[in-house]
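Visitor: Here it is: the structure, laid out below.
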């Protein structure tokens, strides 16, 4: 337990340092963006005097170091700041977009874990045979297709040509659960690559676990094959997949922007694109910090699972 506690403290300190580095990097990158919210609000034919007045009202005329200090102090108190365009708290923008993004991520994970695990176990059970080769070929081929291209293909064939499902969420409002057909194509796109990578990891882990001495020893004692696969081999095979699953969750929450844009879903991706178009720097910074914090927490949770499954590997890390 002492080893786990010291390891957690080291990882927490590392995560805090990573988050602080992201805060500095995000501020530096947003400072380097061309134009600002004052230019966007000034219209198509901006007047320099009007731009200067807007910058003063938004405190954009202050030195960068002063604005960074004020922003960092707010972050320490849980204040992400306010939108330069609307004046609304950044947290309210996150609250508006978090629901649809979380719904897509939750539905994807609900299908991802059993589907990837089942495919990996099935491929490992029939290692080297037709079923294994088929699963490996399909997962490799699907993984090679970018999400955007796969989404466009699904919209073209399933929605527009066959007319089975709606192509976008336009006209359905924010109540996506009331119209589940709208969610089918986005979830399929989000599933396409993660299920392939996780299935291949589970397959590799299962093959190694089934070939391990403890599995051979269990077979000699007459333990049924189903129990060996699911009670002994599978828990050991899931350790490498746990970290990949954490990265997948992080990607679902932070990298769903392309899918939301393609299917016009009002999630965090839409909030981010609107903020970029309006040069709304506080919203951009708030989203980036939340995404970074989410990534740190998820990877810490995955590393803890791996540490508990393989303590020696965790200590060495």
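Here, each number is a calculation from the coordinates, and none is a lab measurement. In this text the structure is predicted, and so the values were computed from the model without any measurement. Methodologically, a virtual Cβ is constructed for each residue, glycine included, from the backbone with ideal geometry; neighbour enumeration extends over all protein chains shown.
Visitor: Which value in nm describes the separation of the simple spin-label points at residue 65 and residue 131, placed 7 Å from the Cα toward the beta carbon?
Guide: So the label points at residue 65 and residue 131 sit 6.7 nm apart.
Visitor: Enter the per residue convex hull volume of region 147-199, computed from alpha-carbon coordinates, in Å³ rounded to the nearest integer. Don't skip to the end; give the middle numbers.
Guide: Numbers: hull volume 4.7 nm³, N = 53.
About 89 Å³ per residue, rounded to a whole number.
Visitor: Run the quick spin-label model on residue 122 and residue 178: label points 7 Å from Cα toward the beta carbon, then report their separation in nm to one decimal.
Guide: 3.7 nm
Visitor: For region 75-121 and region 185-213, what is the centre-to-centre distance using only Cα atoms, to the nearest Å?
Guide: Region 75-121 and region 185-213 have Cα centres separated by 24 Å.
Visitor: Could you work out how much longer the chain between residue 24 and residue 72 gets when fully extended? Use 0.36 nm per residue separation minus the Cα distance between them, nm to one decimal. Intermediate results must be reported in sequence, preceding the final value.
Guide: Details: separation 48, 0.36 × 48 = 17.28 nm, distance 0.91 nm.
This chain segment gains 16.4 nm when fully extended.
Visitor: Next up: How do 189, 170, 297, 289 rank when sorted from fewest to most other Cβ atoms within 10 Å of their own Cβ?
Guide: By the 10 Å Cβ count, ascending, the order reads 170, 297, 289, 189.
Visitor: Would you mind calculating the gained length between residue 258 and residue 300 on full extension (0.36 nm times residue separation, minus the Cα-Cα distance), in nm to one decimal?
Guide: Here the segment from residue 258 to residue 300 would lengthen by 12.5 nm.
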